[in-house]
């Protein structure tokens, strides 16, 4: 089986509760779709937790990790801060507290992951462009041009990035960013069954 986890955004408690329900075996794969940081209360704690996981894990780059790395390199600093980056810096207690292990984690993130039947990506893909020819900015940022596309994709594309109240479950595209950081749910999709496991981020959970 493949377990796919949507956007976390610094929400460590829902992440812990979700992972406690999954319990993947040695043969199972787990794919995280990116956006581990920003906006939520504990971006540092989320990355620290992800670093403890052992097994067949794939961690994708999200647009918020890209903004974080750009910020650390002195680029587009206002963009990162405007999009929730201040909460990330606060969770670390300042720039100097970001460890080498966390930086290495961010730099190892991959833009997509592909299997025989699925294409996993943070935001989506540009329609009618071969998968290997996709621009990284589209993989991290695209929205309506992808998920509202009227055609069909060759593989089922599993994505996050665009927050929705409920999972978008179409035949050839599945969106699982269910707005955890905004008080909704953190979602895990199980493939190939398409079952969904969710935990709430509301106070009345």
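Between residue 195 and residue 110, the modelled label-to-label distance comes to 2.6 nm, taking each label 7 Å out from Cα in the direction of the beta carbon. The stretch 129-205 and the stretch 31-103 have Cα centres separated by 20 Å.
In plain terms, the residue of 154, 56, 96 with the fewest other Cβ atoms within 10 Å comes first and the most crowded comes last, giving 96, 154, 56.
With a ≥ b ≥ c taken as the square roots of the eigenvalues of the C-alpha gyration tensor of the stretch 1-101, please select rounded if a/c is under 1.5 and otherwise prolate if a/b is larger than b/c or oblate if it is not? Verdict is prolate for the stretch 1-101.
Annotation: the antiparallel percentage among DSSP beta bridges lying fully within the stretch 2-200 is about 50. Spacing of the modelled spin labels on residue 49 and residue 135, each 7 Å from Cα toward Cβ, amounts to 3.5 nm. Extension gain, residue 171-residue 148: 0.36 nm per intervening residue step, less the Cα-Cα distance, totals 7.0 nm. Which residue fluctuates most in the GNM of the chain (Cα springs below 10 Å): 139, 69, 15? Evaluated over the chain, the most mobile residue of the options is 69.
Before rounding to the nearest 500, sum -39500 (n - 2.57) across all DSSP H runs of length at least 4 in the chain and divide by the residue total; then give [θ] at 222 nm in deg cm²/dmol. Don't jump to the answer; show the numbers that get you there.
Details: 8 runs with 59 residues, N = 205.
Mean residue ellipticity, 222 nm, calculated: -7500 deg cm²/dmol.
Which residues in the stretch 55-74 place their backbone N less than 18 Å from a point set 7 Å from the Cα of residue 103 along the Cα-to-Cβ direction? Under cut-off, by backbone N: 65-74.
Taken together, the values in this text are just the output of simple stated rules run on the coordinates, not laboratory data. Remember, predicted model here, so these are calculated numbers, not experimental data. Cβ coordinates were reconstructed from backbone atoms using ideal geometry, including for glycine residues, and neighbour counts include every protein chain displayed.
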